[in-house]
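Presented below is the structure to which this report refers.
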Amino acid sequence: AAFHSLVGLAAAATSIGSHLNEVGHFAAGDPMAGIHMGAIYAGTFIGTVTFTGSVAAFLKLRNLISSQSIALPAKNAANASMLAGSLGCGYLYMNNPTSEAVMMTSLLGTVLLSGALGAHTTTAIGGADMPVVITVLNSYSGWALCAEGFILGNDLLTIVGSLVGSSGAILSYIMCRAMNRDIVNVLFGGWNQVGAGGPAAAITGTAKEIDVQGAVDALLDANSVIIVPGYGMAVAKAQYPIKDISDMLKSRGCEVRFGIHPVAGRMPGQMNVLLAEAGVPYDVVLEMDEINDDFPDTDVVIVLGANDTVNSAAEEDPNSQLAGMPVLKVWNSKQVIVMKRTLGVGYAAVDNPVFYKENTDMLLGDAKATSDALATGIREKSKM
């Protein structure tokens, strides 16, 4: 998100700088003035939306502001007004090439209105949809770069920007489908989002902890194990000890597979890449739709650094922010061992009822250190 903000800022700054440099040619009736002015306006508008939206996303992801949806009253009318105002400024800019004052005022008006629009539409999106917001902002940064290429007459920037913009748009669509989300809702800050029918269901029960030795014993007694990785595995680089654990369990005749949510981590395919990097065979890495029906017949599920993608509230609580989002139904297995640092919430800032279910044990701590300890424990027990 921070990187996207810099791309947007660079595009907006380049656009305004180009206007100051070329405004004399616009008044002189340059036949290419219309194209250049259009690129300057597009770069300013898209660049500023990308900059403020990315800054807001960064603040949410760093927990510097609430990850919950933050929206002004009548947010749809506010978004529509800011968009209409930005387009109106664009109209004035494009149709007054002989008036430097009107053009500069219009361009600055675009900066203010589009900046407010980018920040508001991003903060109005709840934490559960932030992975999609990041890919949308990635697409925006590509189109801002494309406009910058037009302004500077740089074919490479134009081509690269087009590739980034189009691939980001495709990725956003794929992620929306995987999360059962409406792309219009994401693009326009919850434009057609239906409010919950009431407060989210209260969490009941008490979380139970398990130590490394207990987890080792459970794994050695299991005939079938599914490992569900998440962003925590990526941060801790725990894919290597998990691969060792998988190999040792397989050597004992245990069936070990990996269940991957379509948006696990920060983008589709991140978990697949990390597991492939560690040498995990492709044939045991299964997608959510392929493995969800197998959880009831599984002895132990290890949830490694995942949270929202295994949150049962998506299935059980119609008032949850995650309601309707497809998730891995790990709670249907005989035993769930959740490996994460704390009982804290994930991206969506929604408590996970799975942590408090009777068949769940929490193995708290750093994912890498805990995975190493599990691998060592299994190795030592296997020698006995």
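Brief remarks on what is shown
- Gain in span if fully extended, residue 217 to residue 65, counting 0.36 nm per residue against the direct Cα distance: 50.6 nm
- Computed about the Cα centre, the dipole magnitude for the chain is approximately 560 debye when only Lys and Arg (+1) and Asp and Glu (-1) carry charge, each at its Cβ.
- Per-peptide average of other Cβ atoms within 10 Å, ordering 35-47, 78-90 highest first: 35-47, 78-90
- In degrees, nearest ten, helix 130-152 long axis to first principal axis of the chain (Cα): 30 degrees
- Heavy-atom accessible area per residue - the chain, 1.4 Å, Å²: 44 Å²
- Length-normalised contact order for the chain - Cα pairs under 8 Å, 6+ apart - percent: 16 percent
- For residue 258, distant residues with modelled amide H under 5 Å away: 227, 285, 286
- The accessible surface of the chain, taken with every protein chain in place and a 1.4 Å probe, is 60 percent carbon and sulfur.
- Listed residues 155, 299, 283, most fluctuating in the chain (Gaussian network, C-alpha, under 10 Å): 283
- The alpha carbon convex hull volume per residue for region 159-292 rounds to 173 Å³.
- Residue pairs exceeding 23 angstrom between C-alpha atoms, taken from 237/334; 250/368; 357/383; 243/357; 237/340; 208/368: 237/334; 357/383; 243/357.
- Peptides 181-188, 110-117 ordered by packing proxy, namely the average of other Cβ atoms within 10 Å per residue, highest first: 110-117, 181-188.
- Extreme residue, positive dipole direction of region 230-338, given options 325, 314, 300 (C-beta unit charges): 300
- Were the residues from residue 208 through residue 76 laid out at 0.36 nm apart, the gain over their Cα-Cα distance would be 43.1 nm.
- Contour excess over end-to-end distance, with Cα ends at residue 154 and residue 380 and 0.36 nm allotted per residue: 75.3 nm
- The chain: calculated mean residue ellipticity at 222 nm from DSSP helix runs of at least 4, using -39500 (n - 2.57): -18000 deg cm²/dmol
- Zone residues, region 219-257, relative to residue 366, backbone N less than 17 Å from point 7 Å out along Cα-to-Cβ: 232-242
- Angle between the chain longest axis and helix 2-27 axis [Cα atoms, degrees, rounded to 10]: 10 degrees
- The C-alpha atoms of the chain define a longest principal axis, and helix 33-61 lies at about 30 degrees to it.
The values are calculated or read from the model by the stated rules, or taken from the named source; none is laboratory data. Note that the structure is predicted; figures quoted are calculated from it, not measured. Here the Cβ is made from the backbone with ideal geometry for all residues, glycine too, and neighbour counts use every protein chain on show. Remember, those area values only see protein heavy atoms, side chains included, never the ligands or the DNA or RNA. Shrake-Rupley method; radii C 1.70, N 1.55, O 1.52, S 1.80 Å.
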